[in-house]
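Chemist: Let me give you the structure first, and then I'll get to my questions.
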Amino acid sequence: MDSLDYGSLDEGRDCNYWQWDPTLRRHARRLTDDADWPWVDDRLDDWGRIVGETVADNADVANANPPTLDTYDRRGERANDVTYHPAQHENDRLTYEFGVVADAFTAPDDREDAPGIAYSLTAQALLAYTDIGFACPVSMTAGAALVLDTYADHSPQPDVLRDYFDRLVARDHGDAIEGAMFLTEKQGGSDVGRNETTAVEADDGTYRLAGEKWFCSNVDAEGTLVLARREDAPEGTDGLSLFLVPHTLPDGSLNDQTYRRLKDKLGTETVPTGEVELTGATGYLVGEPENGFRQMTTMLNFERVANAAGAVGVTGRALLEAKTHAADRAAFGRALDGHPLMRRDLAEWTARYEGMVAVTLEAAHALDAAERDEGDADARALMRGLVPIAKYRTGRLAVDATSYAMEIRGGDGYVADYVTERLLRDAQVLPIWEGPSNVLALDLLRALEREGAADALLARVDENLDAARDSRLADLVSRVSSERDGLRESMAAVAGADRDRAQHDAKALADYAYDVVAASALLALAADRLAAGDAREAAVARLFVRDAFGDDRPSPERALALDHFESIAHYAELSPDALKMSRTVE
């Protein structure tokens, strides 16, 4: 393909985000069945246009006019009334009626089967180009639907929960409701086992919940999942049960809870995040009692991949803004992207972004496979290994990427006239939502120790490397194979260490696993593209491997960003003959 002409854009909007992100398209193509790809490609092309041309502008308006809360009405009666700007309502309608959530579970009119979770998460990545705050309730709606779809039939009142599921996946905006999950309590934070909210069974089989939830995003959702402890249940996570607690009851009255205030947050302003006091709120038991935490992990795993998809989207937008500005802005006699250091920065960030997309979509497809076949132990083990490393690293990288996009624009990037300052404010929540970095690293340890994730991760790396057996990639495959062996040794060393030493090295192990998985996936795609006559992805893989496993000592002969900038950063096709394929990777 011809290179993308970033200079043709004034800024990163009024364009089709699917078309302006060949990285996302190509990695999605690699992991999608051949028969399914034409539909997926066409559908996401439509969605990328809607997001880039309409949702993006609405998101700016909605962020300038965030939701407001009236806890009480003018007569002092509890109202719990959250008011949204019309631009937010329009984005709601566009997103849910397009089927971003519904398509994960039910077939649209032009298909016989549902496109699935991985497709839905790819669509959510495009949505996150515009607004992480809005992507949050969309992902929680899908996550809550996944929990109800899995456990409703094992609940005391399955018909009630099935009705809520149907509304969570409704394609008509007038019928649709949103989802949420209230986990965090003031005294516990990430230590969910310390939750103090109680649940007492009523005569009609429902429960009355009492307690305080401290950080409740999408506070007024109708499909909210809440963890609470029944009478005489044991302490810790083993004693928690899961309940659906709606905003309003079937008779239209407010549920017995008080939205005390909305948080004054750094970013993600379009999602109302509040403090909730449950004062005998009606809840419907989901699944089996005292099994709530395990059941909630179904949603938590989904939300962690959605968090990674959000990191992909906000980073993709940041790079689009950075490349557009660098192509349009002249400084010191030439365009910004004509200067060698800027070329290096943009090329290296493009390679890092490719790694983010690769690992996120690997995790999305692993989650999809695990949920489609709950009895597939290998699929679950791979999912459990990929999800924490994807969420952890992409969240941190998104903060760095959005910060650098702001820096490229200079002082203008720091003011609210341009989107970059909001991208950074929004991205800063990504390392925090759904578990901070240390919690995720410890979760990886649990997955390695208890769920066979080590073998599953290594097997997936081997599968990717086997797919990359193109002789022109031999040196890269050899280097990543060596790192794969190093990862296996590191996993074994951590497994053999005492608890404190294992935890001390958990984050370093997660970093290493991410880099090895990403590099292997980039090589698999590079082989596919080489077969089509394009060495562009081979150049990206070389740059990523050097960045991940090499060093930063000056070496002018390794100036990939100068030699192949148009191909790496602007997606111009690269002849295999133009890339010295046999160079040893230092």
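The values are calculated or read from the model by the stated rules, or taken from the named source; none is laboratory data. Just so it is clear, the model here is predicted, and its values are computed rather than measured. Every residue, glycine as well, gets a Cβ built from its backbone with ideal geometry; the counts of neighbours run over all protein chains shown.
Chemist: Looking at (1) more than 17 Å from the chain's Cα centre (by Cα); (2) within 24 Å of Asp60 (Cβ to Cβ), can you tell me which one Val429 breaks?
Modeler: Condition (1) is where Val429 drops out.
Chemist: Scan region 188-198 and tell me whether some residue there is surrounded by 21 or more Cβ atoms within 10 Å (Cβ to Cβ), farther than 17 Å from Leu254 by Cα and among the hydrophobic types (A, V, I, L, M, F, W, C).
Modeler: Scanning region 188-198, I find no residue that is surrounded by 21 or more Cβ atoms within 10 Å (Cβ to Cβ), farther than 17 Å from Leu254 by Cα and among the hydrophobic types (A, V, I, L, M, F, W, C), so the answer is no.
Chemist: From Arg372, Arg425, Arg384, Arg472, which residue is crowded, with 24+ Cβ neighbours inside 10 Å and not hydrophobic (A, V, I, L, M, F, W, C)? Walk me through it before giving the result.
Modeler: Values: Arg372 fails: crowded, with 24+ Cβ neighbours inside 10 Å; Arg425 fails: crowded, with 24+ Cβ neighbours inside 10 Å; Arg472 fails: crowded, with 24+ Cβ neighbours inside 10 Å.
Only one candidate qualifies: Arg384.
Chemist: Those residues that are within 28 Å of Arg380 (Cβ to Cβ) and touching a Phe, Trp or Tyr at 6+ places or on another chain (Cβ under 7 Å), I need them from region 404-462; list them, please.
Modeler: Of everything in region 404-462, those that are within 28 Å of Arg380 (Cβ to Cβ) and touching a Phe, Trp or Tyr at 6+ places or on another chain (Cβ under 7 Å) turn out to be Ser437, Leu440, Ala441.
Chemist: While we're looking at this one, here's another question. Which of the residues that make up region 108-144 are in contact with a Phe, Trp or Tyr (Cβ under 7 Å, 6 or more places away or on another chain), farther than 24 Å from Thr268 by Cα and either in a helix (DSSP H, G or I) or charged (D, E, K, R) (or both)?
Modeler: Across region 108-144, the qualifying residue is only Arg111.
Chemist: Taking into account only those residues within region 454-477 that are of a type outside the set (Gly, Ala, Ser) and outside any helix (DSSP H, G or I), which is nearest to Ala531 (Cα to Cα)? Don't jump to the end; show me each part of the working.
Modeler: First, the residues of region 454-477 that are of a type outside the set (Gly, Ala, Ser): 455, 457-458, 460-466, 469-470, 472-473, 475-477.
Remaining after also requiring outside any helix (DSSP H, G or I): 469-470.
Working: Arg469: 11, Asp470: 9 Å.
Here the residue is Asp470.
Chemist: Failed condition for Ala513, given (1) of a type in the set (Gly, Ala, Ser); (2) in contact with an Asp or Glu (Cβ under 8 Å, 6 or more places away or on another chain); (3) at pLDDT 95 or above, with all others met?
Modeler: Here Ala513 clears every test but (2).
Chemist: Does region 547-562 include one or more residues that are touching a Leu at 6+ places or on another chain (Cβ under 9 Å), at pLDDT 95 or above and either surrounded by fewer than 22 Cβ atoms within 10 Å (Cβ to Cβ) or not polar (S, T, N, Q) (or both)?
Modeler: No, region 547-562 contains no residue that is touching a Leu at 6+ places or on another chain (Cβ under 9 Å), at pLDDT 95 or above and either surrounded by fewer than 22 Cβ atoms within 10 Å (Cβ to Cβ) or not polar (S, T, N, Q) (or both).
Chemist: Working only within region 238-257, note down all residues that are farther than 20 Å from Gly179 by Cβ and surrounded by 18 or more Cβ atoms within 10 Å (Cβ to Cβ).
Modeler: Gly239, the sole residue that qualifies.
Chemist: Also: Kindly indicate the residue of region 168-184 that is touching a strand residue (DSSP E or B) at 6+ places or on another chain (Cβ under 7 Å) and not aliphatic (A, V, I, L, M) and also surrounded by the fewest Cβ atoms within 10 Å (Cβ to Cβ) among those meeting that condition. Give the derivation first.
Modeler: First, the residues of region 168-184 that are touching a strand residue (DSSP E or B) at 6+ places or on another chain (Cβ under 7 Å): 168, 177-184.
Now drop any that are not not aliphatic (A, V, I, L, M), which leaves 178-179, 182, 184.
Values: Glu178: 21, Gly179: 29, Phe182: 29, Thr184: 18.
Filtering first and then ranking leaves Thr184.
Chemist: Any residue in region 224-235 that is in the same structural domain as Asn195 (by TED's automatic domain parsing) sitting within a Cβ distance under 8 Å of a residue that is surrounded by 11 or more Cβ atoms within 10 Å (Cβ to Cβ) and among the basic types (Lys, Arg)? List the pairs, counting only those 6 or more apart or interchain.
Modeler: Close Cβ pairs satisfying both conditions: Val226/Lys213.
Chemist: Taking Ala135 as the residue in question, decide whether it is out of contact with any Leu (no Cβ under 9 Å at 6 or more places or on another chain) and surrounded by 24 or more Cβ atoms within 10 Å (Cβ to Cβ). Let's see the steps before the verdict.
Modeler: Values: out of contact with any Leu (no Cβ under 9 Å at 6 or more places or on another chain): no; surrounded by 24 or more Cβ atoms within 10 Å (Cβ to Cβ): yes.
Here the answer is no, as Ala135 does not meet what is asked.
Chemist: I need a count of the residues in region 431-453 that are more than 30 Å from Gly267 (Cβ to Cβ) and part of a loop (DSSP other than H, G, I, E, B).
Modeler: Selection size over region 431-453: 2.
Chemist: What helices (runs of 4 or more DSSP H), lying completely within region 478-586, carry at least 1 residues that are hydrophobic (A, V, I, L, M, F, W, C), within 22 Å of Leu465 (Cα to Cα) and touching a residue at least 12 places away in the same chain (Cβ under 8 Å)? Break it down stepwise before answering.
Modeler: Details: elements: 499-504, 506-531, 536-549, 560-563, 565-570.
Per the criteria, 506-531, 536-549, 565-570.
Chemist: Strands (runs of 3 or more DSSP E) wholly in region 169-247 with at least 1 residues that are on the phi > 0 side of the Ramachandran plot and more than 25 Å from the chain's Cα centre (by Cα) - which ones? Give the steps one after another, and end with the answer.
Modeler: Details: elements: 179-182, 198-201, 207-217, 223-230, 240-245.
Per the criteria, 207-217.
Chemist: Next question, about the same structure. Among the residues of region 313-324, is there at least one that is small (Gly, Ala, Ser) and free of Cβ contacts under 8 Å to residues at least 12 places away in the same chain? Full working, then the answer.
Modeler: Filtering region 313-324 down to residues small (Gly, Ala, Ser) leaves 313, 316, 318, 322.
Now drop any that are not free of Cβ contacts under 8 Å to residues at least 12 places away in the same chain, which leaves none.
No - not one qualifying residue is present in region 313-324.
Chemist: Shifting gears a bit: Has region 496-518 got at least one residue that is more than 24 Å from Thr297 (Cα to Cα), over 25 Å from the mean Cα position of the chain (by Cα) and small (Gly, Ala, Ser)?
Modeler: yes
Chemist: Tell me, yes or no, whether region 532-542 has at least one residue that is surrounded by fewer than 19 Cβ atoms within 10 Å (Cβ to Cβ) and either closer than 21 Å to Leu361 by Cα or basic (Lys, Arg) (or both).
Modeler: The first filter runs over region 532-542 and keeps only residues surrounded by fewer than 19 Cβ atoms within 10 Å (Cβ to Cβ), leaving 532-533.
Okay, now just the ones that are also either closer than 21 Å to Leu361 by Cα or basic (Lys, Arg) (or both), so none.
Checking region 532-542: not a single residue is surrounded by fewer than 19 Cβ atoms within 10 Å (Cβ to Cβ) and either closer than 21 Å to Leu361 by Cα or basic (Lys, Arg) (or both).
Chemist: Collect the residues in region 145-160 that are assigned to a helix (DSSP H, G or I) and either basic (Lys, Arg) or in contact (Cβ under 8 Å) with a residue 40 or more places away in the chain (or both), keeping them in residue-number order. Please lay out each step first, then the result.
Modeler: Let us first name the residues in region 145-160 that are assigned to a helix (DSSP H, G or I), namely 145-154, 158-160.
Matches in region 145-160: Ala145, Leu146, Val147, Leu148, Asp149, Thr150, Tyr151, Ala152, His154, Val160.
Chemist: Looking only at region 400-422, filter to residues that are in a helix (DSSP H, G or I) and aromatic (Phe, Trp, Tyr); which one of those is surrounded by the fewest Cβ atoms within 10 Å (Cβ to Cβ)?
Modeler: Of region 400-422, the ones in a helix (DSSP H, G or I) are 400-414, 420-422.
Okay, now just the ones that are also aromatic (Phe, Trp, Tyr), so 404, 414.
Numbers: Tyr404: 18, Tyr414: 14.
Applying the filter and picking the extreme gives Tyr414.
Chemist: Restricting attention to region 419-458, which residues are within 22 Å of Ala502 (Cα to Cα) and of a type in the set (Gly, Ala, Ser)?
Modeler: Gly435, Ser437, Ala441, Ala447, Gly452, Ala453, Ala454, Ala456
Here is a yes/no grid of residues against (1) free of Cβ contacts under 8 Å to residues at least 12 places away in the same chain; (2) assigned by TED's automatic domain parsing to the domain that holds Glu269; (3) of a type in the set (Ser, Thr, Tyr):
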| position | (1), (2), (3) |
| --- | --- |
| Gly355 | no, no, no |
| Asp376 | yes, no, no |
| Leu382 | no, no, no |
| Gly385 | no, no, no |
| Thr394 | no, no, yes |
| Tyr404 | no, no, yes |
| Glu407 | yes, no, no |
| Val419 | no, no, no |
| Arg425 | no, no, no |
